[in-house]
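J.: This is the structure I want to talk about, given as structure tokens.
Nothing in this text is a laboratory measurement; each read-out follows from the coordinates by a stated rule. Everything numeric here is computed off the predicted structure, so don't read it as measured data. Glycine gets a Cβ as well: all are built from the backbone with ideal geometry, and neighbour counts include every protein chain shown.
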């Protein structure tokens, strides 16, 4: 078997057998044989661009550059690559290779090159930032009070309280959020094809806050979505279906228009649904799972347990002005890219005069030691 024949065989094993895919595979392998990588100007353009932007990459099958970045940065990175490479003769196909599409340039003279953007980790950047913030807080507290026998346990991506601060005479448990914005809580929905109703999607971040997210969905969104959020045709190829569930909209040249069509029927021409929620439910959830405090980046420290208020830490409920949840068909990569069904919790909360980042814990620590 020749190198050209083996290249075709290997490529077909990874490519859907569509007529377009057949033509592209033949063209890709022929050009690979015709232009060695060292003489491939198109490939060198991609490598120079990716290097200048500071991204990690690997070269696959001689002509494909696989750029690897944190999962939640893929849309931004692909947009930057489009801005630079399209003027150089590349085209962006939103329906090929990955949910963010494929950049490609086919040229017998200059050489062929293809670009995909893949996740460097299964953990999203928001989750990573949260874990980093927890560790930073733990280090500050141990540096300040470690000599008094105080220790800090960090939950990281696991369950339980994010921080547990322990001393000889007691401990305090803290939920940690990097901000009061969308990162305060976000989860995805999916549509059950067998039972014809909406349900939550069991991602890793969802499972950590399952009780809160499930309660908010059931109390505030489920009835509305089951009545109004219906798909005109469940066999539509634009729908992304996995294991019996519609999990989003697949990238295609018609995705953006299809999203607008759904929005017009689901919520009267709006781009989303925003529903006010009872913030007592949010506070009650964290208290029920054993958290005594909640620390919010940029806002400060709040008490979830009224018995702990004697140190002057304001109550979470008392500082909250309002809370809401927002449902939308969220674009992950441009107008015609992949879309998900996403719910975000929004909080408007007054700033606390206490903070884990300062010496405000002195009184509590004195009690603990």
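J.: What order do you get for 108-116, 201-209, 230-238 when each peptide is scored by the mean count of other beta carbon atoms within 10 Å, highest first?
T.: Details: 108-116: 21.1, 201-209: 15.4, 230-238: 12.1.
Listed from highest to lowest mean packing, they are 108-116, 201-209, 230-238.
J.: I would also like to ask the following. Please give, to one decimal in nm, the separation of the simple spin-label points placed at residue 369 and residue 224, each 7 Å out from Cα toward the Cβ.
T.: 5.0
J.: Using only the Cα atoms of the range 138-290, build the gyration tensor, take square roots of its eigenvalues as a ≥ b ≥ c, and label the shape rounded, prolate or oblate: rounded if a/c is under 1.5, else prolate if a/b is larger than b/c, else oblate.
T.: Prolate, since a/c reaches 1.5 and a/b exceeds b/c.
J.: So for 72, 52, fewest C-beta neighbours within 10 Å to most, what's the order?
T.: 52, 72
J.: Shifting gears a bit: Treat the count of other C-beta atoms within 10 Å as a stand-in for reagent exposure and order 198, 367 from fewest to most. Can you show the working numbers first?
T.: Details: 198 22, 367 12.
Fewest-to-most ranking of 198, 367: 367, 198.
J.: Extending each Cα 7 Å along its Cβ direction at residue 359 and residue 109, get the distance between those two points in nm, one decimal.
T.: Between residue 359 and residue 109, the simple spin-label model gives 7.2 nm.
J.: For the range 242-291, just say rounded, prolate or oblate: build the C-alpha gyration tensor, square-root its eigenvalues into a ≥ b ≥ c, call rounded for a/c under 1.5, and beyond that prolate if a/b exceeds b/c, oblate if not.
T.: Because a/c hits 1.5 or more and a/b fails to exceed b/c, the range 242-291 counts as oblate.
J.: What is the extension gain from residue 242 to residue 56, computed as 0.36 nm multiplied by their sequence separation minus the C-alpha to C-alpha distance, in nm to one decimal?
T.: Taking 0.36 nm per residue and subtracting the Cα distance, the gain is 64.0 nm.
J.: How would you order 239-249, 322-332 from highest to lowest mean count of nearby Cβ atoms within 10 Å?
T.: The peptides rank, most packed first, as 322-332, 239-249.
J.: Find how much the distance from residue 120 to residue 207 grows on full extension, using 0.36 nm per residue of separation minus their present alpha carbon separation; answer in nm with one decimal.
T.: 29.1 nm
J.: Rounded if a/c is under 1.5, else prolate if a/b is larger than b/c, else oblate: which is the range 221-347, with a ≥ b ≥ c the root eigenvalues of its Cα gyration tensor?
T.: Details: a/c = 2.86, a/b = 2.74, b/c = 1.05.
Note, shape of the range 221-347 comes out prolate.
J.: For residue 272 and residue 151 in the same chain, what is the full-extension length gain: residue separation times 0.36 nm, less their Cα-Cα distance, in nm?
T.: The residue 272-residue 151 span can extend by a further 39.1 nm.
J.: Still on this structure, please answer the following. Using the beta-carbon distance between residue 280 and residue 234 and R0 = 25 Å, what value does 1/(1 + (r/R0)^6) give for FRET efficiency, to the nearest 0.05?
T.: Efficiency at R0 = 25 Å is approximately 0.05.
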